[in-house]
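Please treat every number below as a calculation from the coordinates, not as lab data. Given the structure is predicted, the values throughout are model-derived calculations rather than measurements. Because the Cβ atoms are built from the backbone with ideal geometry, glycine has one as well, and the counts that use them run over all protein chains shown.
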């Protein structure tokens, strides 16, 4: 019987769980080793089987009527001689009959006893509501059950990913033979993980696989216990072809015409704010106010309906109450508009799930892509497009930001404005009834105006779609994600807010990392990463060097480097000598390089130039200390100049700076930022954290080593 | 033989390690259970002993000439019958003779085999260079060796602290009987930890104790293997009586007269800056310029030497090169000056260790307390005292900050100025040749101008002195510590910077927590805690409630609460109903309370008032979303007003706010801060992190529950 038949039979019989022999059969079909075993119909047969399999053995009753074998006295462990096996068979049968007189008994399973000295690990697979089939690996016992030391990957898992999983648990060292133990056969264990991934991918009806324990040792990996649950085949997620998404998104982000449904001349109305922002923002395409009661709005000819507009309309911004949306959307659909920007609230977020379903259906029927509902709108600076009821934003730059929540969108806007962060786009996705993050990623991937993407999200409609899109984008540009509902408490709040089922955060965390996404731990981190990452060139290698005027900052910067997963370069003797030539005898070379506090600008300049010019150094972290000898703006100007000059020479490396000093360091940090050097006052953590984020991306994009 | 004699004999024989029987003797004297055992001189005696102790047993060769018993075939484990014991005895003796023909053999140790089913734990003690005797506890095997899941406490350890240690490891659940196992006897295990603490406290010559493994089960805890190392008795740290420190520090912080050694009229000189800052800062005591070449400096009569000054001098600020310091300090000492503020660098930090020793010796001889050397000076705003070469700072407030590094001191100054943080003192401690953190804590403890203390430090000269002082202060006011050199890499940098031996950070972390100190993870955190903590009243209980206008912020604020170790209150039904009365039907009560985005000021006001007025709620976290209906400054003014009104009514609770919106939220946050409500724009993490810090202190001070 092939695996498909096994699963179908179980489902036909209305069973959610496969029997042990069925599970074993599936394992055999996929090359997953299980203990030697067989079914005995008599005491003599049991003893014979045990002889073939190899002693010691375990005996287990096989009966469809006895669910809890142990309670029924139906399990005996560690039988060491043929005689013990014979007696054991009789004991089990007697126990089973005493437990359930009329039970059908199919025999006694004789199973090889494994695990003597082997390491107990767990390999499993679950069906995650966001990501579908996900494979899990961890060490057995206390480590996984108490310390939750487990790692997840999307199924199927490649051989390399399976090997990486072995290193991804905190107790990874144990597999390599910690405490004098023999290391496990990593290839065999990885192969087993890979096979579980294939099994659940080939058979979507498998809801859950639990191989627990698997005994791993230097000779291989054997699944001692197999538990497989089956159920309905999950629905396939419908995905549009990439070219189609791109065509639609391009019309939305680079529209030749924008209609405003509910345009108004009355201040305070959303339809008025949207009109004003389109006009004041400097949008050069056609702006088409739609209002049944006006002939002209803000100097532009108005139309009763979008149907009346001559020529093509690319985008329709909705600024009307929820109850009027469906009818207007029908007209928009008939007109062949590419994108409906659905500002109105009053849909799923207020419990109006039906109303949201209705407009999704209308949009889908007409092939209209819908942003929202329940959003502030969107900005795309290369087109001077401010299709929003907020205020115009025009500092062009190369990061695209998206947010699922309006509040976070407003924080993005305020932060952008105050830091003069250059953006390509700011997009609200709100209820994500249609357009979601993978649609946006598909556009930003090929958008030359966008060099980095930062996304706030509470859930993912299609986890796999997101991962596929993110993986493609990450090869070229960083994708930063703030996933809210990170913690159990946070996840509960997400549930009440969006009705989205937020899975266990560890699953998100592992899979986002697997997708190469840079996860921001908090809102401010996301904003700072978004601001800083596009300014930094990609590092070419792992060697980070700290140059500091304040020894105290050097220590804190070192702490921060470790926290950020950065590697402080071991300075080679010749380079160490070269640095020493520039610093006072009581300064400390090594790394951090402590040039000491009283040094003139030349010492900063010489050491920074040395670091930028040496091919073995890949990134610089500067610690500035405010002194009269080298005032803040002198430091800022020299760093900006030296970095620019060295870039001209081809020495293109990320440089970040921490400025400790009186308030002038704020202006100096601002100056550095505006000149492409990421710099912060009063913190040793932030500059290093953003460098760490850049490194996380560079590693995911395969740029290092 | 009593423990003292055992230790003395070992030391007299030049041994660093006690023998197993010696270790056992010490354990017995302190009531630490060890396996039953005895020394057998013949095979028959061994079998007899085994019968008495209880089988199975372990046999071990006892010979001063055989160090590695196992290599010599001198250990046999798990002998189950008297016959096996007899044979085992002969085997071991034969092996030992084959291994080392001439070895003196004292017999064979017969030891009870313990551990069947018990949990393997480790209890030990080490002599830490900073903290002295420190007791360690962890789970045995992989957990402590691979995952470093271990916790430390200062010895002696009280019974309560020993019990707390059991809960302090990540795998604590295991002791409580995770996975269906029997819970261990917690009282017995705690008693064993306490006894180890007493043993090393009573006998400072014990350098290290290693009870590994200890087998713990429901019946008790037995130390299966005892390893004790002895050495020289550590030097006692000389400490001045508290009253004496207080008298000196009071003269330093509230001086009636300050002499400036090296005062100068020449701009650019340190002695000029110090003079100017004293005068411009508004110091009202006598300012005494000392300069052998001047009669008058900046309008004040100058003296050739401090000896020439009539009347008492409380403080002498040194603004002369290192080489002239010793001679001037002699004069300062002879004059009976209380404090020497040693700005000059050029001592230990540049390798001039001898020079530093010399001035310490002079200061000590005269009873002068010395701050520094190698510092920027110090500020004490209640006295308008700016004894520094930096710039005056005059925003009075209630936090005292200290820093070991000049760079960090400058960051403190810049941050204070830009945020208008009110401070009582800013103090540089530099090389800490004399005055250190515990001296300062002793002053700040009783200083009514100081409500919180924040300290940047790289090392502690006297860890126990610090812990004692901190424990006293923490009962009344928070002590925030930024310990640099937190990570292995950071610690290495600290080593090169100050020559201080930074111990393992886990030891610092556990012991600082035990002292009730709030540890800041980074520089900016320390600064924000310092700014925010004095503004917040102490919470009375653990129930935190989030009220938010943006659901998206609510989710992120919940995440932040979990990260900060805060407890989101389970809202009782009556309170839930009361909240629901104020919010739209599609808003979410529960916690976070999502009042939704479009609400007017009254909704914020009503819900905040409800939270402040209900005795079951102990702290509020507000999430503001910028809308036209409730603009930022309207929100800020209403929150400030409601909080003040409720405080008047006796509803005194910490309130923090996260503001998401356009740039006006910056002004609103600033306004709130100035009105005693901790508020930040563009971050959901920071307001919650500082509330978490306040809670950590409140718990340590015993204010909760």
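With the largest listed first and rounded to whole Å, the semi-axes of the equivalent ellipsoid of the stretch A:241-374 from the Cα gyration tensor are 22, 18, 13. Each principal axis of the Cα atoms in the stretch A:395-535 has its own extent, and those three values, largest first, are 37, 30, 26 angstrom.
Ordered from longest to shortest, the equivalent ellipsoid semi-axes for the stretch B:119-230 are 22, 14, 13 Å, each the square root of 5 times a Cα gyration tensor eigenvalue.
Can you classify the stretch B:3-112 as rounded, prolate or oblate using the Cα gyration tensor, where a ≥ b ≥ c are the square roots of its eigenvalues, rounded means a/c under 1.5, and otherwise it's prolate if a/b beats b/c and oblate if not? Because a/c hits 1.5 or more and a/b fails to exceed b/c, the stretch B:3-112 counts as oblate. Rg and Dmax, both from the Cα atoms of the stretch B:398-447 and both in Å, are 11.3, 32.
Taking only alpha carbon atoms, the stretch B:426-478 gives an Rg to Rh ratio of 0.93, where Rh is the Kirkwood radius.
With the convex hull drawn around the C-alpha atoms of the stretch A:68-194, the volume per residue stands at 167 Å³. Mean per-residue shielding of peptide A:658-669 is 5, counting Cβ atoms of other chains within 10 Å of each Cβ. Could you tell me the center-to-center distance, by alpha carbons, between the stretch A:590-659 and the stretch A:364-440 in angstrom? Between the Cα centres of the stretch A:590-659 and the stretch A:364-440 lies a distance of 37 Å.
For the stretch A:73-138, the C-alpha radius of gyration divided by 2.2 N^0.38 Å, with N the number of residues, is 1.69.
The alpha-carbon atoms of chain B define a convex hull whose volume equals 184 cubic angstrom per residue. The stretch A:319-359 and the stretch B:10-78 have Cα centres spaced 83 Å apart.
Nearest 10 degrees, 0 to 90: what angle lies between the long axis of helix A:664-674 and the longest principal axis of chain A (Cα atoms)? Tilt of helix A:664-674: around 80 degrees. Quick one: with label points 7 Å out along Cα→Cβ, list the inter-copy distances for residue A:648 in nm, shortest first? In ascending order, 6.6 nm. Computed over all pairs of different Cα atoms, the Kirkwood value for the hydrodynamic radius of the stretch A:537-700 is 15.2 Å.
Within 10 Å of the Cβ of each residue in B:396-409, the mean number of Cβ atoms contributed by other protein chains is 4. Alpha-carbon geometry of the stretch B:237-280: the Rg and the Dmax are 15.1, 44 Å, given in that order.
In terms of the mean number of neighbouring beta-carbon atoms within 10 Å, the peptides B:320-333, B:545-558 order highest first as B:545-558, B:320-333.
When peptides B:689-698, B:122-131 are ranked by their average number of other Cβ atoms within 10 Å per residue, the highest-first order is B:689-698, B:122-131. To the nearest ten degrees, helix B:406-419 and the longest principal axis of the Cα atoms of chain B are 50 degrees apart. Normalised by the number of residues in chain B, the average gap of Cα pairs under 8 Å and 6 or more apart makes the relative contact order 8 percent.
Across peptide B:558-571, the mean count of Cβ atoms from other chains lying within 10 Å of each residue's own Cβ comes to 4. Does the stretch A:128-190 come out rounded, prolate or oblate, given a ≥ b ≥ c as the square roots of the eigenvalues of its C-alpha gyration tensor, rounded meaning a/c under 1.5 and, failing that, prolate meaning a/b above b/c? Since a/c reaches 1.5 but b/c is at least a/b, the shape of the stretch A:128-190 is classed as oblate.
Directionally averaged projected area (the protein assembly as shown, Cα convex hull): 61.2 nm².
Calculated from the alpha-carbon coordinates, the stretch A:228-318 shows an Rg and a Dmax of 18.9, 68 Å respectively. Each other copy holds its own label point for residue B:634; taking that point as 7 Å from Cα along Cα to Cβ, the gaps run 5.1 nm, nearest first.
If you wrap the Cα atoms of the stretch B:284-335 in a convex hull and average its projected area over all directions, you get 3.8 nm².
The smallest convex shape that holds all Cα atoms of the stretch B:242-533, its convex hull, gives 116 Å³ per residue.
In percent, rounded to a whole number, the relative contact order of the stretch A:241-374 is 22, using alpha-carbon pairs under 8 Å and six or more apart. Mean separation of Cα pairs under 8 Å and 6 or more residues apart, divided by the residue count, gives the stretch B:175-324 a relative contact order of 17 percent. Packing order of peptides B:228-234, B:294-300, B:621-627, B:635-641, highest average first: B:621-627, B:635-641, B:228-234, B:294-300 (average count of other Cβ atoms within 10 Å over each peptide's residues). Take residue A:307, move 7 Å from Cα toward the beta carbon, and the resulting point lies 10.8 nm from the same point in each other copy, nearest first.
What angle do you read, to the nearest 10 degrees and between 0 and 90, between the alpha-carbon axis of helix B:551-563 and the longest principal axis of chain B? For B:551-563 against chain B, the angle is about 50 degrees.
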